[in-house]
Structure formats: C-alpha cells, structure tokens
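A.B. asks: Questions regarding the structure given below will be posed in turn.
The values are calculated or read from the model by the stated rules, or taken from the named source; none is laboratory data. Only a predicted model underlies this, so the values are computations on that prediction, with no experimental measurement involved. Cβ placement follows ideal geometry from the backbone for every residue including glycine, while neighbour counts extend to all protein chains displayed.
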Amino acid sequence: MARAEQVTEDEADIRLDRWFRRHFPGLPQSAIQKLCRTGQIRVDGHRAEAATRLSPGQEVRVPPLPAAPPQAGRVAPPPDPALTREVQAMVLYCDEQVIVLNKPSGLPTQGGPGITRHLDMMLDALRFGGGRPRLVHRLDRDTSGVLVLARTPGTAARLAAVFRGREAEKTYWAVVTRRPVPPGGVIDLPLRRVMGGRGERTAVAEPDHAGAARAVTEFRTLDHAGKLAWLELRPLTGRTHQLRVHCVAIGAPILGDKKYARPDQNGAFAATVAGLPEALHLHARRLVLPHPAGGTLAIEAELPAHFRETFRTLGFTAPRAILPERNR
C-alpha cells in the first residue's frame, strides 16, 4: 500500500532520488527512475522527476516498493584503525553540519581506474556518532588543502548549491617556476576538455569553440626567489585543472606540474627547480563559504611537508593558518 512521508528540514534541497536512497538504501536507481516515469512516485500529489529538488514540508508518495536484494553475508568490515587515525588527523573543523579536512597531496578524493586508496573509502571513520559524511566538492589528487564534507543529506544539498553558485571564496597558494609578468592581475581565458596522449586534459580554447567554458582566475605574487615565485590564486570559476592551465598560459607553470608544463618550458623548469621536492606545489589555503546553519565559515589549512621544505629553501615565510572562524 502506498503511503506519504514528509520531507524534513534537514532534507531541504535534496534530490528526490537521493531522498529515496536515504530512506530505502536497497532500492536501485533504475527502480526509482521507473517509479517516477510511471507516476507512482509523486510530490505533493504531482508527478516528479528523479532530479526534482525537495523542500521541507512536502509530501512524497511512496508506492509499494520492489523487494530489496538479500544482504546475507554482506557485513561491512570494521574501519581499519590505521586509516581511521590517518583521516581523523586531517580534521580542521567539525560541527553538526560539516567536517572540514586538510587533504594531503597525493591522496585522491574518490576512486577510479587503478585507484585502490582514496579519501572516500575512509569516510566511515568520520561518522562521530552520526551518518557517513558526504563529499560536496573535490580537490585533485596532488592538490592539498581545505576540503569540506557534509554530515547530512540536507547539508550536502545546500553545500553543493553553494559550490555550483560560486558562493564559496577559494584561495590557493602555488609555487611557480617563473615569475609572472605583470606580478598580478586577472587571467580570463576560456578552457575546454581535450583528449591527448596522456588522457583527457584541459586546454585553453578559442572563445567561439563549441566546448569552450569561461574561466577566470585572479592572481598576485606574494614573494619571489630568483625565477621562482609564490602566488596567491583565486579562481572565480571552477573548471577542471583551471589554475594549472592558467598558470601555464601566463608562462608560470606550477612547480611539480609535469602534466601541464609545456615542452618549451621544460628547460627552464628543470634548471630552476633542481633539488626541490617534485610534488605538485598547489595548496587550497583558504575557503570562506555560507554555513548551512547560517552565518559564514572561514577555514585555512597549513602547508604540507613538501611545500614547507620548498619555502625553507627559497626563504619564503608563510603566516600561520588562522583558527576556524564562524560568524553567525
């Protein structure tokens, strides 16, 4: 028999299919889509698509559901103690809605081909008496720094909207292998995804190209040592590998970025970085965003070890990261 269930405050802006997966975890996505397509799932009495965003107080019609596949023998293993210690050591901030981490360089955010160890597989260790936290944005495998997790489905939906709407203010630090001229400004170059010998990549696009997407980055030089420089980068858009490609475009590839440094820059790259760590020197230093429960949250992350070593070698002095600040 069908029944009606009410959307709670915490489930604001969650997608209808995700609401069903939360309440009925054994229900496959294909079944949810079919039930929506045939009108068996309704919201406030009306047909709804799987991607429909829900609001508190709405009523979701739950029809008789197909039986979930048997789960016998599928007992989740306990969290690995070493992974638990590792990921809990990354925590910069935690409250009832969000957890903020300082992700290390070299750790992928999610799994993929050939990836057997990633942050997403560690998230059960961050339940802290609640549900499993959810990723709401990503950092590249080799980029370190501030990464936000949502502790509830409703929070995840609201934070995802924040990142989609460019409401989050992101500040990155990078060490580049050539001092940019001028030392600061705005890079406004469209980007597109292309296939190459090293897989899918991001490249600068002609503005009228069908796949072009506008990409804008503010930058300024904070210090320099010889040809190398320490930059502050503020992406005003969120394209894949935007900062890495934009730095190459102004002739200042990021130290350790073997994927995007151009062949004509390789000589300068090798000559200027001898003896420095080879890891990518790109760090998500600061994030300021609307807190799901109101007010603004500002978080900064300390530099990883390879960054600190390079700063010591080049004589750069970084201020300490501020403590988390929430203005209500």
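A.B. asks: Please tell me if residue 316 is more than 16 Å from residue 145 (Cα to Cα), in contact with a helix residue (DSSP H, G or I) (Cβ under 9 Å, 6 or more places away or on another chain), surrounded by 14 or more Cβ atoms within 10 Å (Cβ to Cβ) and modelled with pLDDT of 95 or more.
C.D. replies: So residue 316 fits the description; yes.
A.B. asks: Suppose we filter region 235-252 for residues that are over 14 Å from residue 183 (Cα atoms), in contact (Cβ under 8 Å) with a residue 60 or more places away in the chain and in a loop (DSSP other than H, G, I, E, B); how many remain?
C.D. replies: 4
A.B. asks: Look through region 262-294, keep the residues that are of a type in the set (D, E, K, R) and outside any loop (DSSP other than H, G, I, E, B), and return whichever of them is modelled with the lowest pLDDT.
C.D. replies: 264
A.B. asks: Test of understanding: among 159, 189, which residue is modelled with pLDDT of 95 or more and among the aliphatic types (A, V, I, L, M)?
C.D. replies: Exactly one residue qualifies, and that residue is 189.
A.B. asks: Would you confirm, using the coordinates I've provided, whether residue 155 is touching a residue at least 60 places away in the same chain (Cβ under 8 Å), touching a Ser or Thr at 6+ places or on another chain (Cβ under 8 Å) and surrounded by 20 or more Cβ atoms within 10 Å (Cβ to Cβ)?
C.D. replies: In short, no.
A.B. asks: While we're here: Output the qualifying pairs, or none if there are none: Cβ atoms under 9 angstrom, residues six or more apart or on different chains, first residue in region 303-320 and over 13 Å from residue 226 (Cβ atoms), second residue assigned to a helix (DSSP H, G or I) and of a type in the set (A, V, I, L, M, F, W, C).
C.D. replies: 303/311; 317/311; 318/307; 318/311
A.B. asks: In region 183-199, how many are surrounded by fewer than 10 Cβ atoms within 10 Å (Cβ to Cβ) and at negative phi?
C.D. replies: 4
A.B. asks: List every residue pair whose Cβ atoms sit under 8 Å apart, with the two residues 6 or more apart in sequence or on different chains, where the first one lies in region 42-59 and is farther than 12 Å from residue 9 by Cβ and touching a residue at least 12 places away in the same chain (Cβ under 8 Å) and the second, anywhere, is assigned to a strand (DSSP E or B) and not charged (D, E, K, R).
C.D. replies: That search, which allows pairs on different chains as well, returns 42/60; 43/60; 52/43; 59/4; 59/6; 59/43.
A.B. asks: Among the residues of region 169-182, write down those that are crowded, with 19+ Cβ neighbours inside 10 Å and either free of Cβ contacts under 8 Å to residues at least 12 places away in the same chain or hydrophobic (A, V, I, L, M, F, W, C) (or both).
C.D. replies: 173, 174, 175, 176
A.B. asks: I'd like the full set of residues that are at pLDDT below 95 and charged (D, E, K, R), limited to region 168-178.
C.D. replies: Scanning region 168-178 gives a single hit, 178.
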